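See structure below.
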Amino acid sequence: MEFERARRIAGQWRQVDATGSTNADLVAAAGADPELPHLTVLLTRDQRAGRGRRDRVWQAPAGSSLAVSVLVRVPDVPPAARGWIPLAAGAAMATAVRAQLPGHDTGLKWPNDVLVDGRKICGILAEGTAGLETVVIGSGINTAMSPDDLPVPTATSFAALGATCDEDALIATYLTELDRLLASLREGREAVRDAVTALCLTLGREVTVSLPDGSALRGAATDIDLDGRLVVAGTAVSAGDVVHVR
């Protein structure tokens, strides 16, 4: 059976041959069935209308990547701490990817892009549902994507790195670590902040942040504050596209 380990961890497992967007499908399923359990998973190797932050289109050739969305129930996470959920997901996925790519520099570009050797291997989008006590976290992981199929020079994949992704191990580790970090978040933000900052490749770098209002901020990224905001040149940023200045 495919994904035998991951299925044992998931609250419910749904796998489809193809779909438009796993996030859209799982958000709709959560609306239709309020009893869907924590860690319900929807996964495909052929996502045809994926979305990233700011509604950017995310597409990949069929079979070259995994699109996986996870529903998490967070009623016990204080509202002030829920902004950490996307960052916790990034840390969990970075941990899962790092376990399969020893010898490579794997970590996070704030807030939750997973980078390997400076190139993006996974993007994450978290979407709250009604009441914000349920969150759907979508990830797109470049697994078997050939170098010729990579969408931009700043992207990478397991295949481009000469590695074969153990997809079951990847998702099992991701789910386990995500659940652990969310449990920590119920007790406070400090432990999750420590996990994220330990993996964050943005800290200590000169960066340019394109802000939602169209302006840009450039300076040294020095910290992630207790609200999950990136501190650049003394200014706390809650949203924006970050470019690591080489």
Task: Kirkwood hydrodynamic radius over Cα pairs of region 162-229, then Stokes diffusion coefficient at 4 °C and 1.567 mPa s, in µm²/s - done: 88
Open item on the list: Per residue, how big is the convex hull of the chain when only Cα atoms are used? Give it in Å³.
Closed with: 122
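Can you tell me the accessible area per residue over region 155-243, all protein chains present, probe 1.4 angstrom, in square angstrom? Before the final figure, lay out each step's value.
On the way: 3840 Å² over 89 residues.
I get 43 Å² per residue for region 155-243.
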Open item on the list: Of the candidates ARG98, ARG205, ARG73, which one comes out as most mobile in a Gaussian network treatment of the chain with C-alpha springs shorter than 10 Å?
Closed with: ARG205
Open item on the list: Please check: in the Gaussian network model of the chain (C-alpha springs, under 10 Å), which one of PRO153, PRO78, PRO61 has the largest mean-square fluctuation.
Closed with: PRO153
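Rounded to the nearest 500, what is the 222 nm mean residue ellipticity of the chain from helices alone, with -39500 (n - 2.57) per DSSP H run of 4+ residues and division by all residues? Write down the numbers at each step before the final one.
Values: 5 runs with 64 residues, N = 246.
Result for the chain: -8000 deg cm²/dmol, rounded to the nearest 500.
For region 102-246, with all protein chains present and a 1.4 Å probe, just round the carbon and sulfur fraction of the accessible area to a whole percent. Working shown, then result.
Details: 3090 of 6310 Å².
With neighbouring chains kept in place, the figure for region 102-246 is 49 percent.
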Task: Charge context of GLY204, other residues only, Cβ under 13 angstrom, K/R +1, D/E -1 - done: 0
Task: Residue-normalised accessible area of region 54-140, expressed per residue, 1.4 Å probe, Å² - done: 36
Open item on the list: Taking the Cα centroid of region 141-172 and of region 17-52, what is the distance between the two, rounded to the nearest whole Å?
Closed with: 21
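The values are calculated or read from the model by the stated rules, or taken from the named source; none is laboratory data. Being a predicted model, the structure only gives us computed values, none of them experimental. Every residue, glycine as well, gets a Cβ built from its backbone with ideal geometry; the counts of neighbours run over all protein chains shown. In case anyone asks, the SASA skips ligands and DNA or RNA and just uses the protein heavy atoms, side chains included. Shrake-Rupley method; radii C 1.70, N 1.55, O 1.52, S 1.80 Å.
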